[in-house]
1. With the full set of protein chains in place, find how many percent of the accessible area of the range 215-370 is carbon and sulfur; take the probe as 1.4 Å.
2. I'd like to know how the range 133-172 sits against the 2.2 N^0.38 Å rule of thumb: what's its Cα Rg over that expected value?
3. For n ≥ 4 DSSP H runs only, could you compute -39500 (n - 2.57) per run for the chain, divide by its residues and tell me the 222 nm figure to the nearest 500?
4. Which of the lysines could a cross-linker bridge to LYS82, judged by Cα under 21 Å and excluding same-chain residues fewer than eight apart?
5. At a Cα cut-off below 25 Å, give the lysines reachable from LYS308, other chains included and same-chain residues fewer than 8 away excluded.
6. Taking R0 as 41 Å, what's the FRET efficiency between GLU119 and ARG362 from their Cβ-Cβ distance, rounded to 0.05?
7. Can you give me the Cα centroid spacing of the range 237-288 and the range 57-113 in angstrom?
8. In nm², what is the average projected area of the convex hull enclosing the Cα atoms of the chain?
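The values are calculated or read from the model by the stated rules, or taken from the named source; none is laboratory data. Small disclaimer: the values here were computed from a predicted structure and weren't measured. We place every Cβ from the backbone using ideal geometry, glycine too, and count neighbours over all the protein chains shown. These accessible areas exclude ligands, DNA and RNA; they are computed on the full protein's heavy atoms, side chains included. Shrake-Rupley method; radii C 1.70, N 1.55, O 1.52, S 1.80 Å.
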Amino acid sequence: MRMDFDKLKKRNSFELQNLKAEGKPIVGTFCTYSPKELIYAVGGVAVSLCANDESSINIAHKELPRNLCPLIKASYGYAVSKKCPYMNASDIIVGETTCDGKKKMYELLANHKPVYVLELPNMTNKRSLALWKDELISFKEFLQEKFKAKITQENLLEAVKIHNEERELMCELMELNKAIPSPIKGSELHEILFASEFIYDKKEKIKTLKAFIEATKQNLEAKISDKKRIIITGCPSGGVYEKIIKQIENLGADVVAFENCVGTKNYRNLVEEEGNLIENIAKRYLEIPCSVMYKNDKRAQIIKEFIKEYSADGVIDIVLSGCHTYAIETNKIREASKEAGANYMSLETDYSRQDSGQIRTRLEAFIELL
Ligand code: SF4
Ligand code: SF4
């Protein structure tokens, strides 16, 4: 079944060109806070532009400081070198006021592509919600004007429903790993989650997800497993997959959940389908427990719940070098893990391979401790 995701991903990188040739608006995004429903409702396709390898970082160093987060540098390097087909295909780029590095990167990106930066509040209170709702109304107007299309109540509701269905299925898929032993290897789950971002036909994606979930359920085995169970949290893990996720498995432990933007942050919480849809979309996105928010207590709460629900022995908190907000939250997540009875380790790293040996040694010691 995994092959279906791989095939779809490969095919869809070609299909993106066809969609563009058909005149579909292609909207490049960098963040889980980008409101995909609005892009879908205007007839567009949202594509993720977050880069996951170090090959373009040196190009970025010409304009960006070396001590910046590798995700930002790699993505910017890809953008300006014109090596990324998704960036090349994008008609516009949607940014958001999350971390400082990304905000400043969007300023520079605007020299290469039209950029719309969403003003995301730094808090999640009532006033922030009103501001965010207002921002989404402006974004809706911008999209309508830019792509000469109307976002109606009807097509917005359709967008909300299809994204909700996708989210429910993605959560169901991830939650299969609450079983002991977890039926989907962490590396495989990571690849599926990653590939899913590049499947643009939502209906086809939903069909593939349903078939995969069904097949996995039918193969659930009641076995005894003494493998240690680990939750990954922190910064997006796409660029450090080989040296962390694969390595944990090579050392004999299971990765059972991803509390990050590759995994649950992207899919938890649905958009209410009754009432004011823009307000409901604003509410749902403001619930994302990202460290860029002031008083982001939800993340620690989720970690505690996950440790129980996934019967986890350990939590590994990935901090990409230069990511201050996730680095600062490590103490809070360490405490939460301890309270819920799991061991905790934070790993600061970048996209290079230079520290692979050192990371393997630290992972080995951590897994032995569990
Ligand atoms: S970690 Fe936060 S800023 Fe980064 S992609 Fe996720 S939601 Fe956006
Ligand atoms: S990992 Fe941290 S520094 Fe990097 S883009 Fe995300 S929030 Fe910003």
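1. Values: 3200 of 7000 Å².
Looking at the range 215-370 in its full context, I get 46 percent from C and S.
2. On the way: Rg = 12.6 Å, N = 40, 2.2 N^0.38 = 8.9 Å.
After normalising by residue count via 2.2 N^0.38 Å, the value is 1.41.
3. Working: 16 runs with 185 residues, N = 370.
Here the helix-only value at 222 nm equals -15500 deg cm²/dmol.
4. Within the straight-line cut-off, LYS82 pairs with LYS9, LYS10, LYS20, LYS24, LYS62, LYS73, LYS102, LYS103, LYS104, LYS113.
5. Within the straight-line cut-off, LYS308 pairs with LYS178, LYS185, LYS217, LYS223, LYS227, LYS228, LYS246, LYS265, LYS295, LYS298, LYS332, LYS338.
6. Details: r = 39 Å, r/R0 = 0.95.
Result of the calculation: an efficiency of 0.60.
7. So the two Cα centres are separated by 22 Å.
8. Working: hull surface 69.9 nm².
Taking a quarter of the hull surface, the average projection is 17.5 nm².
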